[in-house]
């Protein structure tokens, strides 16, 4: 029982981070069919921005998060307009090569600016320590992560399901040519979705700096996990990656908790099994 | 064309012979971690080397010069370390090798030292069996068994009956676990669970949560010092193990001096066994800390890695001075065996004549506040501890 609650709790916190970072990747891949392997770069940059603001300039936690979201969203728009836009419609190989190159460049840049070491994360005192839930206590910060994750997800789902922007986005994902022919500017839409996805990744990177260490190898090391979320969840949906992130979060935590000798092996095995069963992911469209 | 090539080769050979016959310049090859996520530890070693050079270069016999050639092994990468060792031996013709933060790297260099007959001074890597891998290895740092084995006995004597072990999954971690487990269970303690944690950037939460749920009296932990030690300490605090009445104990790596200021009050009360603390009250140490702060800044604290390298340089200087700069490998090893120093910041040290491993005091330390800063305060001394692993297993 003790073990089960521990796994569920920490798995949930981990899943939230994975989802917030990866959801943008799912949308951009689903919307434009663009293979953006450099998605983790935005999460990494977000982490660097917020950690630096907090450690070096004493900026409050919430403000640092907001700044990292906005800064990275802006950077991503610039990159999208100047670089990504040239490769829309190019072959997948070209897109993969380009985004891998971007990962290397970003890694080298942050190594130059911040050095090779993982960034120390100093959380606000209000978020450290324990939170007593009555039957047992949990770490405050992870509880906050779970709550923050649910708020973000609620906002995102309302935004996509209930607003005009969301309706256009869904239309463009379903049938881009039809959406264009009824007057939706899909280029603009994509820029906005790209910026939103990158901003969310930055937020995830900042919130999760404690779990996924911020260092120059970030975008390569954790890429596998982000891709797994998208692959298992299926492209272009919000629900799919969420279920996938939960599976991955619970699976990985349970594995570390119960059979640490296996490391992450079990998770990869589970993914292979899942994809053999459903090659387009749990909620993907064939 | 061929003529030119052979002429060039011949000229090169003449040049080589010329440098090696001019024995007054001793070439020391350092294999150390200068880049990558572990560069901070490598920097500690290098600071020890530089500080010793600065203080003692004048002690070399007249006409003898020490040239240090540094090579980067980029972290726990035995393939790179081996290549660097080979380069230093075959291309730079070093007469002495030294360095290596990590055990796998030291093990990769060991066969080279044997084959090329180049004495190799291990300045940090702490897995017990390293010195058995080549007759040309001597160690000036420590072994994991020296600290973790006596800690097991101490824990039982101090009311810890059930312990959970959590160690990083590589040589020294496995060594620390084995040493503590032997010392602990031989004295009647019970291990209620153990886990090996991944070495690179892990999230310690699931492992510490598991340890907490097992309900031990203490968690025995080992992670490589530096940022990992801080991350472990924070996780220990965040998960409330302290409030649950669980103690944290381990070798001194988990409270490495240079990281203490990042750990905060959660570290208070943590008990470790180790051979060096920057807070040690010995004249040699106080002078050393003062010189270190003068060199690298008043906020900097020397960690055990600095001392391992610093004393390594002292041993190297000893053999250079005794041979007046003409380094003979076998004579060098004879000189190292039984070498003693009272000038080390950690107290008296000796190279065991039988095993070529370090013999030194082990101190029991508790994290306390000294002048408003947290420090490893020594409260008990175990004098001149030989590596227990070699004693128990009759290894040389």
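The values are calculated or read from the model by the stated rules, or taken from the named source; none is laboratory data. The structure presented is a predicted model; accordingly, all values stated were derived computationally and were not measured. Quick reminder, even Gly has a Cβ in these numbers, built from the backbone with ideal geometry, and neighbours come from all protein chains shown.
Can you say whether residue B:130 is free of Cβ contacts under 8 Å to residues at least 60 places away in the same chain, part of a strand (DSSP E or B) and away from chain A (no Cβ under 14 Å), as far as the supplied structure shows? Even if it seems obvious, please write down each step before you answer.
Working: free of Cβ contacts under 8 Å to residues at least 60 places away in the same chain: yes; part of a strand (DSSP E or B): no; away from chain A (no Cβ under 14 Å): yes.
It is false that residue B:130 is free of Cβ contacts under 8 Å to residues at least 60 places away in the same chain, part of a strand (DSSP E or B) and away from chain A (no Cβ under 14 Å).
A quick yes/no check of all residues on (1) surrounded by fewer than 16 Cβ atoms within 10 Å (Cβ to Cβ); (2) out of contact with any helix residue (DSSP H, G or I) (no Cβ under 6 Å at 6 or more places or on another chain); (3) part of a helix (DSSP H, G or I); (4) within 14 Å of another protein chain (Cβ to nearest Cβ):
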| residue | (1), (2), (3), (4) |
| --- | --- |
| A:131 | yes, no, no, yes |
| A:135 | yes, yes, no, yes |
| A:142 | no, no, yes, yes |
| A:155 | yes, yes, yes, no |
| A:160 | no, no, yes, no |
| A:166 | no, no, yes, no |
| A:172 | no, no, yes, no |
| A:183 | yes, yes, no, no |
| A:189 | no, no, yes, no |
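Read through the list (1) in a helix (DSSP H, G or I); (2) free of Cβ contacts under 8 Å to residues at least 40 places away in the same chain; (3) away from chain B (no Cβ under 12 Å), then give the number of the only condition that residue A:279 fails.
Here residue A:279 meets the rest and fails (1).
Check the stretch A:55-62 and report whether any residue there is farther than 25 Å from residue A:255 by Cβ, within 14 Å of chain B (Cβ to nearest Cβ) and more than 20 Å from the chain's Cα centre (by Cα).
If we filter the stretch A:55-62 for residues that are farther than 25 Å from residue A:255 by Cβ, which is where we start, we get A:55-62.
Keeping just the survivors that are within 14 Å of chain B (Cβ to nearest Cβ) gives A:55.
Checking the rest, the ones that are also more than 20 Å from the chain's Cα centre (by Cα) come to A:55.
Scanning the stretch A:55-62 turns up at least one residue that is farther than 25 Å from residue A:255 by Cβ, within 14 Å of chain B (Cβ to nearest Cβ) and more than 20 Å from the chain's Cα centre (by Cα).
Given the conditions (1) more than 15 Å from the chain's Cα centre (by Cα); (2) in a helix (DSSP H, G or I), and given that residue B:249 satisfies all but one, which numbered condition is not satisfied?
(2)
Residues that are in the same structural domain as residue B:176 (by TED's automatic domain parsing) and either in contact with a strand residue (DSSP E or B) (Cβ under 9 Å, 6 or more places away or on another chain) or within 15 Å of residue B:278 (Cα to Cα) (or both): does the stretch B:341-351 have at least one? Give the steps one after another, and end with the answer.
Within the stretch B:341-351, the first condition is being in the same structural domain as residue B:176 (by TED's automatic domain parsing), and the residues that meet it are none.
No, the conditions are met nowhere in the stretch B:341-351.
Scan the stretch B:344-357 for residues that are surrounded by 14 or more Cβ atoms within 10 Å (Cβ to Cβ) and in contact (Cβ under 8 Å) with a residue 40 or more places away in the chain and jot them down. First the steps, then the outcome.
The first filter runs over the stretch B:344-357 and keeps only residues surrounded by 14 or more Cβ atoms within 10 Å (Cβ to Cβ), leaving B:344-352, B:355-357.
Matches in the stretch B:344-357: B:344, B:345, B:346, B:347, B:349, B:351, B:355, B:356, B:357.
If residue B:117 meets every condition in (1) crowded, with 20+ Cβ neighbours inside 10 Å; (2) more than 14 Å from every other protein chain (Cβ to nearest Cβ); (3) more than 20 Å from the chain's Cα centre (by Cα) apart from one, which number is that one?
Evaluating residue B:117 over (1) crowded, with 20+ Cβ neighbours inside 10 Å; (2) more than 14 Å from every other protein chain (Cβ to nearest Cβ); (3) more than 20 Å from the chain's Cα centre (by Cα) leaves (1) as the failure.
Residue by residue, here is whether (1) surrounded by fewer than 22 Cβ atoms within 10 Å (Cβ to Cβ); (2) within 14 Å of chain B (Cβ to nearest Cβ); (3) farther than 27 Å from residue A:173 by Cβ; (4) touching a residue at least 24 places away in the same chain (Cβ under 8 Å) holds:
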residue: A:1; (1), (2), (3), (4): yes, yes, yes, no
residue: A:12; (1), (2), (3), (4): yes, yes, yes, yes
residue: A:38; (1), (2), (3), (4): no, no, no, yes
residue: A:43; (1), (2), (3), (4): no, no, no, yes
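Just checking, does the stretch A:206-226 include any residue being touching a residue at least 24 places away in the same chain (Cβ under 8 Å), surrounded by 17 or more Cβ atoms within 10 Å (Cβ to Cβ), more than 14 Å from the chain's Cα centre (by Cα) and more than 14 Å from chain B (Cβ to nearest Cβ)?
No, the stretch A:206-226 contains no residue that is touching a residue at least 24 places away in the same chain (Cβ under 8 Å), surrounded by 17 or more Cβ atoms within 10 Å (Cβ to Cβ), more than 14 Å from the chain's Cα centre (by Cα) and more than 14 Å from chain B (Cβ to nearest Cβ).
For the stretch B:235-270, what are the residues that are facing another protein chain (nearest Cβ under 10 Å) and surrounded by 24 or more Cβ atoms within 10 Å (Cβ to Cβ)?
Correct list: B:239 only.
Identify all residues within the stretch B:48-73 that are surrounded by fewer than 19 Cβ atoms within 10 Å (Cβ to Cβ) and assigned to a loop (DSSP other than H, G, I, E, B); write none if there are none.
B:60, B:61, B:62, B:63, B:64 - these are the residues of the stretch B:48-73 that are surrounded by fewer than 19 Cβ atoms within 10 Å (Cβ to Cβ) and assigned to a loop (DSSP other than H, G, I, E, B).
Only residues that are without any contact (Cβ under 8 Å) to a residue 40 or more places away in the chain and within 14 Å of another protein chain (Cβ to nearest Cβ): list them for the stretch A:85-129, please.
Across the stretch A:85-129, the qualifying residues are A:112, A:115, A:125, A:126, A:128, A:129.
Among the residues of the stretch B:181-207, what is the count of those that are touching a strand residue (DSSP E or B) at 6+ places or on another chain (Cβ under 7 Å), part of a helix (DSSP H, G or I) and buried (at least 17 other Cβ atoms within 10 Å of the Cβ)?
3
I need the full set of residues from the stretch B:208-220 which are within 14 Å of chain A (Cβ to nearest Cβ), in contact with a helix residue (DSSP H, G or I) (Cβ under 8 Å, 6 or more places away or on another chain) and crowded, with 24+ Cβ neighbours inside 10 Å, in order please. Explain how you work it out, then say what you get.
Step one: filter the stretch B:208-220 for residues within 14 Å of chain A (Cβ to nearest Cβ), giving B:208-216.
With the extra rule that they be in contact with a helix residue (DSSP H, G or I) (Cβ under 8 Å, 6 or more places away or on another chain), the set shrinks to B:208-210, B:213.
Matches in the stretch B:208-220: B:208, B:209.
Would you confirm whether or not the stretch B:145-166 contains a residue that is part of a strand (DSSP E or B), surrounded by fewer than 22 Cβ atoms within 10 Å (Cβ to Cβ), touching a strand residue (DSSP E or B) at 6+ places or on another chain (Cβ under 7 Å) and touching a residue at least 12 places away in the same chain (Cβ under 8 Å)?
As a first pass, look at the stretch B:145-166 and keep what is part of a strand (DSSP E or B): B:162-166.
If we keep only those that are surrounded by fewer than 22 Cβ atoms within 10 Å (Cβ to Cβ) too, we end up with B:162.
The next check asks that each one be touching a strand residue (DSSP E or B) at 6+ places or on another chain (Cβ under 7 Å); those that pass are B:162.
Now drop any that are not touching a residue at least 12 places away in the same chain (Cβ under 8 Å), which leaves B:162.
Yes, there is a match, as at least one residue in the stretch B:145-166 is part of a strand (DSSP E or B), surrounded by fewer than 22 Cβ atoms within 10 Å (Cβ to Cβ), touching a strand residue (DSSP E or B) at 6+ places or on another chain (Cβ under 7 Å) and touching a residue at least 12 places away in the same chain (Cβ under 8 Å).
Given (1) surrounded by fewer than 16 Cβ atoms within 10 Å (Cβ to Cβ); (2) farther than 15 Å from residue B:280 by Cβ, where does residue B:379 come up short, assuming only one miss?
Going through the list (1) surrounded by fewer than 16 Cβ atoms within 10 Å (Cβ to Cβ); (2) farther than 15 Å from residue B:280 by Cβ, residue B:379 breaks only (2).
So, in the stretch A:228-265, of the ones that are facing chain B (nearest Cβ under 9 Å) and not in a helix (DSSP H, G or I), which residue ends up surrounded by the fewest Cβ atoms within 10 Å (Cβ to Cβ)? Give the steps one after another, and end with the answer.
Here is the first cut: in the stretch A:228-265, the ones facing chain B (nearest Cβ under 9 Å) are A:252-258, A:260-261, A:263-264.
If we keep only those that are not in a helix (DSSP H, G or I) as well, we get A:263-264.
Working: A:263: 17, A:264: 14.
This residue is A:264.
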